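First the structure, in the form of C-alpha cells, and then the observations on it.
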Amino acid sequence: MKFTEEHLQLRRTVREFVDKEINPHMEKWDRDGAFPAHDVFKKAGKLGLLGVNKPEAFGGMGLDYSYQMVVSEELGTCHGGSVPMALGVQTDMATPALARWGTDELRREFLAPAIAGDIVCSIAVSEASGGSDVAAIKTTARKDGSDYVINGSKMWITSAAQADWMCTLVNTGDGPVHANKTLVIIPTKTKGVTIGPKIDKLGMRASDTCPVFFEDVRVPQKNRIGGEGMGFMMQMVQFQEERLCGAVGTLRGMDGVIDATIAYCKERHTFGQPLIDNQVIHFRMAELRTEVESLRSLIYRAVEDYVGGADVTMLASMAKLKAGRLAREVSDACLQYWGGMGFTWENPAARSYRDSRLLSIGGGADEIMLGIICKLMGILPGKKKKA
Ligand SMILES: Cc1cc2nc3c(=O)[nH]c(=O)nc-3n(C[C@H](O)[C@H](O)[C@H](O)COP(=O)(O)OP(=O)(O)OC[C@H]3O[C@@H](n4cnc5c(N)ncnc54)[C@H](O)[C@@H]3O)c2cc1C
C-alpha cells in the first residue's frame, strides 16, 4: 500500500478531529451512555470525513476506498470504540449500497445529507430471532399502491435512538430466501416506527443500541435501493466494507494500548526492577506488535485488492476474524501488566477490553467468518438432505 500526500493529509485531519472533538469528551460520553451524534457528525461532515469515497455529485470526495480505510484506521485513535463505530455505520454500513445502487433522487434525499453530516443513519439487518442467519429475517414489506407497508422488528440497531433513517433489510416476497429480500430506506419519523429503550451493554457505552419496531409503516416504493429481491446480494456486498472498516478500526487502538502498557511497565517497578525488564513482558509486547503488523498487512492487501476491483470476501472475512480475536488478545494481555490499575474503568487496556469484545460478535460473528472462509476453501459441508 503506497500512501500519497492526500492519504497523509487525510490522516492528519482525522487525528486533529479526534484530538479536538472526540477525545476530550469520551469519558463523559461513556458515562452518559450516549454522545451527541448530530453535533459530532456535522463537524465530521464539514471536514469531508463522511463521504471520502462517495460520489462528488452528492457531496462526497470521490476518492477510492483506500482513503476511507485511512479515515477508519485513524479513528482508531479515539479513546473508545463507540464514536468510530457510529461513524463507521454512517460511512461503511448504512450508505455503501445506497451510493452504489440508489437512484439519483434517493441519493439526493438520503445520501447527500448523510455525507454533509446533517443526519444520522443506521443499518437495520439483525432481528431478535437471530442476527447470524441473515436469510432468516422475518420483517416484511407488502406492496400497497405505490407504497410498501412494513411490519416486523429489528434488534441491536446502532445509533437508533438518534437516527433519521435506517437502511433496512426486509422480505418483499415469499420466494427463495436469498432472492426475496430488498433494502428499503425507512425514515425514523414515519408513523408506526417505534424505537425501543436503549440496551445496557458491556462496552461501546457511548453508542446507543436499540430495538426498533415497525407496525404498518408506510414508505414509498421509491425508497427501495436497487431492484426488488436484490437486497440479500446487496447486503452481502455492503458487508465487505463493514468488515474491512471493523477490522482496520482496531489497529491504532491496539497500537495505543501496547504503547501505553510499555510506558507503564517502564515506570512501574517490582522486585527492584522495571516491569518491562521481565523477559516474559517485553517478549509479549514484541509478539503482540508483530501480530498487529501482520494484521495491518492483511488489511492493506485486502483494501488494495478491493480498490483494484477484486472480490475480497475471503480476505475481508479473514481480516475481520483476525482483528476480532487479536483485539481481544491484545487488550487482555496488556490489561494483565497494569495489575489492579488494569481493572479500573478508565484504564486504556480496560476500555479496549470492553469495547473490542464486540468485533467477534457484531457484523458477522467469528464463526460466520470461519464459515465463509471454509465455503470459499471448498471445505464447508453441504446441508444434509432429510431422508
Ligand atoms: C453493540 C451491538 C451493535 C450492533 N449493531 C448492529 C446494527 O447497527 N445493525 C444490525 O443489523 N445489527 C447490529 N448488531 C447485531 C449483530 O450483528 C449480531 O448480534 C450478530 O450478527 C450476531 O447475531 P445474534 O446476536 O442474533 O447471535 P446469534 O445469531 O444467535 O448467534 C449467537 C452465537 O452463536 C454462534 N453461531 C451462530 N451461528 C453459528 C454457526 N453457524 N456455527 C457456529 N457458531 C455459530 C456465534 O458465536 C454467535 O455469536 C449489533 C450487535 C451489538 C451487540
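The values are calculated or read from the model by the stated rules, or taken from the named source; none is laboratory data. Just so it is clear, the model here is predicted, and its values are computed rather than measured. Virtual Cβ from ideal backbone geometry, glycine too; neighbours counted across all protein chains shown.
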Going through (1) within 16 Å of the ligand (Cβ to nearest atom); (2) among the charged types (D, E, K, R); (3) closer than 29 Å to VAL292 by Cα one by one, ASP200 fails only at (3)
Exception for ASP216 within (1) charged (D, E, K, R); (2) at negative phi; (3) more than 15 Å from the ligand (Cβ to nearest atom) falls at (2)
Taking segment 126-140 and the residues there that are buried (at least 17 other Cβ atoms within 10 Å of the Cβ) and at pLDDT 95 or above, the one that is nearest to the ligand (Cβ to nearest atom) would be SER126
For segment 146-166, pairs from a residue that is closer than 11 Å to ALA128 by Cβ to a residue that is more than 13 Å from the ligand (Cβ to nearest atom) and among the polar types (S, T, N, Q), with Cβ under 8 Å and 6 or more apart or across chains, are GLY152/THR140
- Item | Filter pass, GLY88 being within 12 Å of the ligand (Cβ to nearest atom) and at pLDDT below 95 | no
Within segment 305-326, of all residues that are without any contact (Cβ under 8 Å) to a residue 40 or more places away in the chain and not small (Gly, Ala, Ser), the one nearest to GLN238 (Cα to Cα) is ASP311
Here is a check on your reading of the model: is GLN68 polar (S, T, N, Q), within 13 Å of the ligand (Cβ to nearest atom), in contact (Cβ under 8 Å) with a residue 12 or more places away in the chain and under 21 Å from LYS42 (Cβ atoms)? no
The residue that is nearest to the ligand (Cβ to nearest atom), considering only those in segment 343-387 that are closer than 16 Å to THR261 by Cβ and polar (S, T, N, Q), is SER356
Checked segment 106-125 for anything within 16 Å of the ligand (Cβ to nearest atom) and in a helix (DSSP H, G or I); matches are ALA114
Of (1) under 16 Å from PHE110 (Cβ atoms); (2) within 24 Å of the chain's Cα centre (by Cα); (3) away from the ligand (no atom under 14 Å from the Cβ); (4) among the polar types (S, T, N, Q), THR190 fails just (2)
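So how many residues does segment 219-232 have that are under 17 Å from ASN180 (Cβ atoms) and either surrounded by fewer than 17 Cβ atoms within 10 Å (Cβ to Cβ) or within 16 Å of the ligand (Cβ to nearest atom) (or both)?
Residues of segment 219-232 that are under 17 Å from ASN180 (Cβ atoms), as a first pass: 221, 224-232.
Now drop any that are not either surrounded by fewer than 17 Cβ atoms within 10 Å (Cβ to Cβ) or within 16 Å of the ligand (Cβ to nearest atom) (or both), which leaves 221, 225, 227, 231-232.
Final tally of qualifying residues: 5.
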Those residues of segment 156-182 that are more than 24 Å from the chain's Cα centre (by Cα) and either part of a strand (DSSP E or B) or more than 16 Å from the ligand (Cβ to nearest atom) (or both) come to a total of 7
Residue hits (segment 256-287; in contact with a Lys or Arg (Cβ under 8 Å, 6 or more places away or on another chain) and either part of a helix (DSSP H, G or I) or acidic (Asp, Glu) (or both)) are ILE258, LEU275, ILE276
Reported set for segment 348-385 where residues are more than 24 Å from GLY88 (Cα to Cα) and assigned to a loop (DSSP other than H, G, I, E, B) is GLY378, ILE379, LEU380, PRO381, GLY382, LYS383, LYS384, LYS385
Reported set for segment 337-378 where residues are basic (Lys, Arg), over 20 Å from LEU288 (Cα atoms) and within 23 Å of the chain's Cα centre (by Cα) is none
Contact list, first residue from segment 94-105 and β-branched (Val, Ile, Thr), second anywhere and surrounded by fewer than 19 Cβ atoms within 10 Å (Cβ to Cβ) and modelled with pLDDT of 95 or more, beta-carbon distance below 8 Å, six or more apart or interchain, is THR103/LYS222
With criteria (1) away from the ligand (no atom under 15 Å from the Cβ); (2) under 25 Å from the mean Cα position of the chain (by Cα); (3) not in a loop (DSSP other than H, G, I, E, B), LYS143 comes up short on (2)
Counting only residues in segment 175-207 that are aliphatic (A, V, I, L, M) and more than 16 Å from GLN221 (Cα to Cα), the one surrounded by the most Cβ atoms within 10 Å (Cβ to Cβ) is identified as ALA206
